[in-house]
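Worksheet: the structure to be examined is printed underneath.
The values are calculated or read from the model by the stated rules, or taken from the named source; none is laboratory data. These numbers were taken from a predicted model, which means no experiment stands behind them. Here the Cβ positions follow ideal geometry from the backbone for every residue, glycine too, while neighbour counts run over all protein chains shown. Side chains included, ligands, DNA and RNA excluded: accessible areas come from the protein's heavy atoms. Shrake-Rupley method; radii C 1.70, N 1.55, O 1.52, S 1.80 Å.
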Amino acid sequence: MEVANARNPATKRKFEDAVSNGVATDVDLSLLEAIEKSQNAVEVLDLRTLKKHVLSFERRLKDNIEARLKYPNQPDRFADSEVELHDELQKLKVLAGAPELYPDLVGLNVVPSIVDLLNHDNTDIAIDVVQLLQDLTDEDVLDDNDDSARVLVDALVDNSALELLVQNLHRLNDSDPDETAAVYGTLATVENLIEVKPAVAELVCEKTKLLKWLLGKIKVREFDSNKQYASEILAILLQSSTVNQKKLGQMNGVDVVLQAVAMYKSKDPKSSDEEEMLENLFDCLCCLLMPLENKERFVKAEGVELMIIIMKQKKLAYGSAIRALDFAMTKYPPACERFVDVLGLKTAFAAFMGKIPVSKKNKKERYQEDMEERLVSLIASLFGGILRGSRRERLLSKFVENECEKIDRLMELYIRYSDRVKAETERLNQIEFDDLEMDEDEIYNRKLESGLYTLQLIAVILGHIWCSEHPQMRGRIELLLKQNKLSKKHINDILQEYHDNIGDLDGPEEKERAQTKIQKFIMALL
């Protein structure tokens, strides 16, 4: 009742107002009394009730198995037992109201019987099981019942629920409404299992063909709710698993996801759900672009060219294309070289100068800042990936043209982010003064979140420009620093902090190489 009323508060108010105003004088009092009695007679969910439901289910299951074995070619002879089995599965849904009993449910050893029914010859019975598992693992049900939830999820995984759920997916038909709902329910159950036990994200990809099924689903040109959900599940599977990212890359996943987003290179989604699906697809693409080998696949599949086309079309996916390019070009020179070769500089620097298409969806200030930060990162990647030759000259020349307007823009961003970081540093110092202790790592992370990372990248770009020894660009940087009452030491301080905090995630050799490069900028700016 509470859920229904929450969804339709107007209905609740209307009924209560009518009764309180004495309008509902013709209400059948005997009916109200019957309703009250039925509410009071709600079955108490305890261990005894659980055992009663399980025993009844096992009896109906046994009857159905026997009837099917005795009359395998006479459906009318086992139809009744199937209806009764369906009813028992529906009754088991009541257990979702008592998740604290899940350990007892597992202890009664009924989970294997329930899971095995996903293999039932009657698809309707398998669908009943999908609905039951979805209800039992629902996020709202499992809140505040972490231990009980883990017991149930472990039992489901141990009894091959993942394999059977995905196996059942392959026989469901999207043209049938009930089976379409079961597809959605299956994906919801997988998501619920991952929520309780994150390791399921890799287990389900290792033990089943779910990745293959999801790729097939996002290939379909027509949009529907299950295609949207498939894109969301795929993003969840990829977001925190390098193993899954590499596995999907080996399955031609980069190409498939590129084909899926290419449908929107010159058109916008028609609904908010379709917009969400497109965002999910770009999330998948960005996750895929984490491993080096997938960056290579992206370049070979002409992903760089596609992203530039999407930017030029200035449709809804504009910002997502910039994000994907940022991921592709980070620490991968071949993508940077391809970007320059296919004339991406003109498109990127137009955006850098603030010529970002505005729509109702991206008017917000945060969107504009996100794009600025992505573009700064992209330009820093270009400088880091293209170290010499004609491509390097073309990149540097962008900062000279139109009287060094790109340097003006770069310094504008430098001042803005510098002020923001300064304000956050002062705030953190005040917190420390008030005896709320924070360690150095926490303070540094807070500063990064306030814009320090982008400020550091801008300082790195300025370091690259300064080391080019181009007199016009150097003069412009010094002039703008002076106008803002700053000196090169200010840039050096930012670079030094960056240098001192470079981690060794990519190994000690990469750390040393990165620090040497930053030290070179620091020395040049002295």
**OP:** At a 1.4 Å probe radius, which order do Arg446, Arg392 fall into by accessible area, largest first?
**Re:** Arg446, Arg392
Original post:
How do 266-279, 374-387 rank on mean C-beta neighbours within 10 Å, highest first?
Top reply: 374-387, 266-279
Subject >> Helix 210-219 vs. the chain, principal-axis angle (Cα, 0 to 90°, nearest 10) >> reply: 70 degrees
Original post:
What's the angle, to the nearest 10 degrees (0 to 90), between helix 75-92's Cα axis and the longest principal axis of the chain?
Top reply: 60 degrees
Original post:
Between Arg366 and Arg420, what is the label-to-label distance in nm when each label sits 7 Å out along the Cα-to-Cβ direction?
Top reply: 1.3 nm
Original post:
What order, most packed first, do the peptides 489-498, 126-135, 139-148 have when packing is the mean number of other Cβ atoms within 10 Å of each residue?
Top reply: 126-135, 489-498, 139-148
Original post:
Dividing the alpha-carbon Rg of the chain by 2.2 N^0.38 Å yields what?
Top reply: 1.27
Original post:
Within the accessible area of the chain, what % is carbon and sulfur when the probe is 1.4 Å and the other protein chains stay in place?
Top reply: 49 percent
Original post:
Using unit Cβ charges (K, R positive; D, E negative) and no other charged atoms, how large, in debye to the nearest 20, is the dipole of region 225-290 about its Cα centre?
Top reply: 320 debye
Original post:
With every protein chain kept in the model, how would you rank Lys331, Lys511 by accessible area, 1.4 Å probe, largest at the top?
Top reply: Lys331, Lys511
Original post:
Where a ≥ b ≥ c are the square roots of the eigenvalues of the C-alpha gyration tensor, would you call region 450-498 rounded, which needs a/c under 1.5, or, failing that, prolate if a/b is larger than b/c, or oblate?
Top reply: oblate
Subject >> Using a Förster distance of 35 Å, the FRET efficiency for Glu195-Gln259 (Cβ separation, nearest 0.05) >> reply: 0.70
Original post:
Which FRET efficiency, nearest 0.05, do Asp441 and Val220 yield, Cβ-Cβ r, R0 45 Å?
Top reply: 0.45
Subject >> Order of exposure, largest accessible area first, which applies to His170, His499 with probe 1.4 Å >> reply: His170, His499
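Pick out, in residue order, every one of the trypsin sites (Lys or Arg not before Pro) in region 146-209 that is DSSP loop and has at most 10 other C-beta atoms within 10 Å; say none if there are none.
Arg171
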Subject >> Shape call, region 477-526: gyration tensor on alpha carbons, a/c limit 1.5 >> reply: prolate
Original post:
With charges only on Cβ, +1 for K and R and -1 for D and E, what is the dipole size of the chain about its Cα centre, in debye, rounded to 20?
Top reply: 3440 debye
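Kindly give Rg over Rh for region 243-290, based on alpha-carbon atoms, with the Kirkwood expression for the hydrodynamic radius.
We get a ratio of 1.02 for region 243-290.
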**OP:** Calculate for the chain the 222 nm mean residue ellipticity that helices alone would give, adding -39,500 (n - 2.57) per DSSP H run of length 4 or more and normalising by residue count, nearest 500 deg cm²/dmol.
**Re:** -23500 deg cm²/dmol
Subject >> Backbone HN-Hα couplings from phi across region 373-385 [Karplus 6.51/-1.76/1.60, Hz, Gly and Pro as x] >> reply: 5, 5, 5, 4, 4, 4, 5, 4, 5, 4, 5, x, x
**OP:** Could you do me a favour and compute the accessible area per residue for region 131-213, 1.4 Å probe, result in Å²?
**Re:** 45 Å²
**OP:** May I ask you to derive the relative contact order of region 394-513, considering only C-alpha pairs under 8 Å and at least 6 residues apart, and to give it as an integer percent?
**Re:** 28 percent
**OP:** Note down the relative contact order for the chain as a percent, whole number, built from C-alpha pairs under 8 angstrom at least six residues apart.
**Re:** 7 percent
**OP:** Determine how large the accessible area of Ser390 is when every protein chain is in place; take a 1.4 Å probe and give Å² rounded to the nearest 10.
**Re:** 80 Å²
Original post:
Using the alpha-carbon atoms, what tilt in degrees (0 to 90, nearest 10) does helix 272-288 show relative to the longest principal axis of the chain?
Top reply: 60 degrees
Original post:
Can you list the lysines whose alpha carbon sits under 22 Å from that of Lys406, skipping same-chain ones fewer than 8 residues off?
Top reply: Lys312, Lys314, Lys346, Lys355, Lys398, Lys482, Lys485, Lys488, Lys489
Original post:
Say each of Asn402 and Ile502 gets a label point 7 Å from the Cα, pointing the same way as Cα to Cβ; how far apart are those two points in nm?
Top reply: 3.3 nm
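So, by mean Cβ neighbours within 10 angstrom, what's the order for 472-483, 63-74 with the highest one leading?
472-483, 63-74
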Original post:
In the P(r) worked out for region 180-323, what percent of Cα pairs fall beyond 26 Å?
Top reply: 20 percent
